[in-house]
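Taken together, the values in this text are just the output of simple stated rules run on the coordinates, not laboratory data. Treat the numbers as computed from the prediction; the structure is a model and nothing was measured. Cβ atoms come from the backbone with ideal geometry, glycine included; neighbour counts cover every protein chain shown.
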Amino acid sequence: MVRGPQDKNHNLFMSGNFVGYVSGAWDAMDDCAPEEVELYQMVRIVYDYLQDHPEKLHYKKGSIIVEHAINEAFPCDKVE
């Protein structure tokens, strides 16, 4: 049996990869998201960002997309 995007197990696997990737990229960032933001919320922010910016889907480093999405949602108001 050939498995592909229509396969339920494949979709679950890819969803898990997406959540794990967002989690890892977020952990590595120095961001301005409030402490109470939970992972499921951050995953939704990145998902929505990708829906709104399909022109960025070609980026080779997904962490850049995660960073852009989080910074757009939670811009830093750092005064230097």
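On the basis of the beta-carbon distance and an R0 of 41 Å, Met29 and Asn9 show a calculated FRET efficiency of 0.85.
Taking the charge dipole of the chain about its Cα centre, with +1 at Lys and Arg Cβ atoms and -1 at Asp and Glu Cβ atoms, the residue from Ala28, Tyr40, Met14 reaching farthest to the positive side is Met14. For the chain, a simple Cβ point-charge model (Lys and Arg +1, Asp and Glu -1, everything else neutral) yields a dipole of about 640 debye relative to the Cα centre. Distance between the modelled labels on His53 and Tyr40, one decimal in nanometres: 2.5 nm (7 Å Cα→Cβ projection).
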